[in-house]
Amino acid sequence: MKFTISREKLQEGLQAVTAAVPAKTTLPVLANLLVETTDRGIRFSATDLDIAVSTEVSADVETPGAITIPAKKLSEIARELPPSPVKIATSGEQRVTLECGRSKFKLLGLPRDEFPTFPSVRFNDSWRVKSGELQKLIAHTAFAVSTEESRPILNGVLWELREERMRMVATNGHRLAKMELPVEASSAPPGDLIVPPKALEQIRRLFPAEEELEIARGDKHLGVRSPFTSVFTRLVEGPYPNYEQVIPKDNDRYALADKAALTQALKRMSVIASDQTHRIKMSFNTGMLKFSVTTPDLGEASDELPVNYTGDQLDIGFNATYLLEILRFMPTEQVRLTFKAPERAATIEPEGWDDPAKYLCLVMPLRLMD
């Protein structure tokens, strides 16, 4: 294999795929990138066996071929190269030379046939989605997934495909985020997919918002591709819990609050809140929200914020970290909070959002100490 590539194209290709290289692996070839020639230039590929990413960049190919090269070293070299064309060549199955200006490197790779094959996903039954719509759903929901191993199903984001809408939902059992977008008569087969957030992050990062993506489903995998880049991921298997059951329909107490002011107050209270529970008490009265925190071995704090509140007076406890996380993704300057009782789920929604998307977050309260 022999080719010449610009430094920028080399860096662009490496940047796209190196996030899929596992930090630790017992299989040496997974620490390598597959570099292979194509009709259009060079394809870089990486996988951790759950997620696989490949991207094509333009290059002048002299001799076709393929080899795997240590990802970390190749990236470090590419970052430090002078702004000149980069010549890469292989000799035998494992030796790679890289020349740029007066710099010359020799690396030991591994043969191409040791690199795992990508999952088989047939794109002849594919459907198309605008990348920007997918990015919007991912950005507003994926943060809420569980990171605990005890319920693997909650480690994925539920992606519901229906004829006229698509929806993503994520929860860890204590908080939930749900966003829905209307779609014009979708070409997607109706169904539910549970996708690992790491794969969704790759999709969000790699494809420009204006690009139309082709998506296909295999038995246990999902494939997403544009003309130059592909992402494959293993799907999380099993039935997703019935999240509709926990979304309250009868919350009759409402508060409208300024998102920035609420965020600042919560951050101040968090300083004194317990590192274990992050619990803060919020007391809602007509026109005023009072915050209070008492942490036995640390101290106390209180604050107040004008809000527009309707309903009976309410004292309720929350994990401040969960509230702050939800507020970070709220797309409007004002938010609407709804409540039923101190032990029932509360919801947070954007107020005055003139967007076709529907967005709702839910957070479970914490029991206040007597």
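The values are calculated or read from the model by the stated rules, or taken from the named source; none is laboratory data. Computed from a prediction, not measured in an experiment: that's the story for all the values here. With ideal geometry, Cβ positions are generated from the backbone for all residues, glycine too; neighbour counts draw on all protein chains shown. Surface accessibility is based on the protein's heavy atoms, side chains included, excluding ligands, DNA and RNA. Shrake-Rupley method; radii C 1.70, N 1.55, O 1.52, S 1.80 Å.
Run lengths n ≥ 4 of DSSP H only: what is the helix-derived mean residue ellipticity at 222 nm for the chain, with -39500 (n - 2.57) per run over all residues, to the nearest 500?
One gets -5000 deg cm²/dmol as the mean residue ellipticity at 222 nm.
Using DSSP to call loops (not H, G, I, E or B), can you name the trypsin sites (Lys or Arg not before Pro) in segment 97-163 whose Cβ has at most 15 other Cβ atoms within 10 angstrom?
When the trypsin sites (Lys or Arg not before Pro) of segment 97-163 are filtered for loop state and at most 15 Cβ neighbours within 10 Å, Arg102, Arg122, Arg162 remain.
I'd like to check one number: the per residue accessible area of the chain, probe 1.4 Å, reported in Å² as a whole number.
50
Below 8 Å between Cα atoms, with a sequence gap of 6+, how large is the relative contact order for the chain in percent?
Computed over the chain, the figure is 13 percent.
When all protein chains stay in place, what accessible area (Å², nearest 10, 1.4 Å probe) is found for Asp50?
Rounded to the nearest 10, the figure is 80 Å².
With 23 Å as the limit, write out which pairs from Lys72/Lys136; Lys130/Lys178; Lys72/Lys106; Lys2/Lys104 have Cα-Cα distances beyond it, or answer none.
Checking Cα-Cα distances, Lys72/Lys136 exceed 23 Å.
Compare Ala177, Ala255, Ala52 in a GNM of the chain, Cα atoms joined below 10 Å, and give the one with the largest fluctuation.
Top of the fluctuation ranking is Ala255.
Quantify, in whole percent, the carbon and sulfur part of the accessible surface of the chain (1.4 Å probe; protein heavy atoms only).
Summing carbon and sulfur atoms, their accessible area is 48 percent of the total for the chain.
Just need the relative contact order of segment 88-136 here, percent rounded to a whole number, with Cα pairs under 8 Å and 6+ apart.
Taking the mean separation of contacting Cα pairs over the length of segment 88-136, I get 23 percent.
Quick one: Cα centre-to-centre distance for segment 92-150 and segment 324-365, in angstrom?
Each part's Cα centre sits 35 Å from the other's.
So I have (i) 1.14; (ii) 0.98; (iii) 1.07, and one of them is Rg/Rh (Cα atoms, Kirkwood Rh) calculated from this model. Which one is it?
Computed from the coordinates, Rg/Rh (Cα atoms, Kirkwood Rh) corresponds to (iii).
How high is the relative contact order of segment 232-334, given as a whole-number percent (alpha carbon pairs under 8 Å, six or more residues apart)?
31
For segment 284-301, what does the Karplus curve 6.51 cos²θ - 1.76 cosθ + 1.60, with θ = phi - 60°, yield as ³J(HN,Hα) per residue in whole Hz, taken in order and with x for Gly and Pro?
My calculation for segment 284-301 gives 9, 10, 3, x, 9, 10, 10, 9, 8, 9, 10, 10, x, 8, 10, x, 9, 8 Hz in order.
Taking a ≥ b ≥ c as the square roots of the Cα gyration tensor eigenvalues, with a/c under 1.5 meaning rounded and otherwise prolate when a/b beats b/c, else oblate, which class fits segment 1-83?
Prolate is the answer for segment 1-83, as a/c is 1.5 or above and a/b outweighs b/c.
Give, as a single signed number, the net charge of other residues whose beta carbon lies under 14 Å from the beta carbon of Leu49, with Lys and Arg counted +1 and Asp and Glu -1.
After counting each charged neighbour, the total is +1.
Which order do His174, His278 take by accessible area at a 1.4 Å probe, largest first?
Largest accessible area first, the list is His174, His278.
With just the Cα atoms defining each centre, how far is segment 178-237 from segment 53-74? Give it in Å.
A separation of 25 Å, based on Cα centres.
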